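For reference, the structure discussed in these notes is given below.
Here, each number is a calculation from the coordinates, and none is a lab measurement. The structure presented is a predicted model; accordingly, all values stated were derived computationally and were not measured. Here the Cβ positions follow ideal geometry from the backbone for every residue, glycine too, while neighbour counts run over all protein chains shown.
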Amino acid sequence: MSHNLIVLAVDDDMINLKLLKSMLSKLDNIDEVVEAKNGADAINILKERDDIDMILLDIIMPVMGGLEMLQVVRADENLKQLPIIVLTTDETKKTEALEKGANGFLMKPVRAADVAQKIQELAL
Ligand SMILES: [Mg+2]
């Protein structure tokens, strides 16, 4: 990708979401951080705008959790190519997240350097 990235950050914990946004906003290759509070909210945003480049996704959320959202995205012709990085405190979910189509997995609390590196890898 030659242009800077627009990242969709999905987390039901508003403090996590703000921290993630502030972390991402400091990265040179990110133009915008769009926030969603659960998987259903995120899917609605993805249907409204076609300029999202990447998704950072929490697993445990009300309404629609991250693993369910992964399945919805991967089953959608228009969305299935989107890179998705799963962020969670639960390492036992790693295999399932990767099987359901996650491109990356990071343990919370995430470090800025790790997020930056993972985004860089997937943006190439
Ligand atoms: Mg959560």
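Please list, in chain and number order, the residues 5+ apart from M61 or on another chain whose amide H is under 5 Å from its amide H, with Hs placed from the backbone.
G66
Each residue of segment 47-52 in order: what ³J(HN,Hα) in whole Hz does its phi give by Karplus 6.51 cos²θ - 1.76 cosθ + 1.60, θ = phi - 60°, with x for Gly and Pro?
7, 7, 9, 10, 10, 6
How many nm separate the modelled label positions at A112 and L98, each set 7 Å beyond the Cα in the direction of the Cβ?
Inter-label distance under the simple model: 2.9 nm.
For N4 and N44, what is the calculated FRET efficiency with R₀ set at 22 Å and r taken between the beta-carbons, to the nearest 0.05?
0.40
Would you kindly derive the ³J(HN,Hα) couplings of segment 26-42 from the backbone phi angles with the Karplus curve 6.51 cos²θ - 1.76 cosθ + 1.60 (θ = phi - 60°), listing them in order in whole Hz, with x for Gly and Pro?
Using θ = phi - 60°, the values come out as 7, 7, 5, 8, 10, 8, 8, 10, 9, 9, 9, 9, 6, x, 5, 4, 5 Hz.
Between the DSSP loop rule and a limit of at most 12 other Cβ atoms within 10 Å, which trypsin sites (Lys or Arg not before Pro) in segment 1-62 are left?
K26, R49
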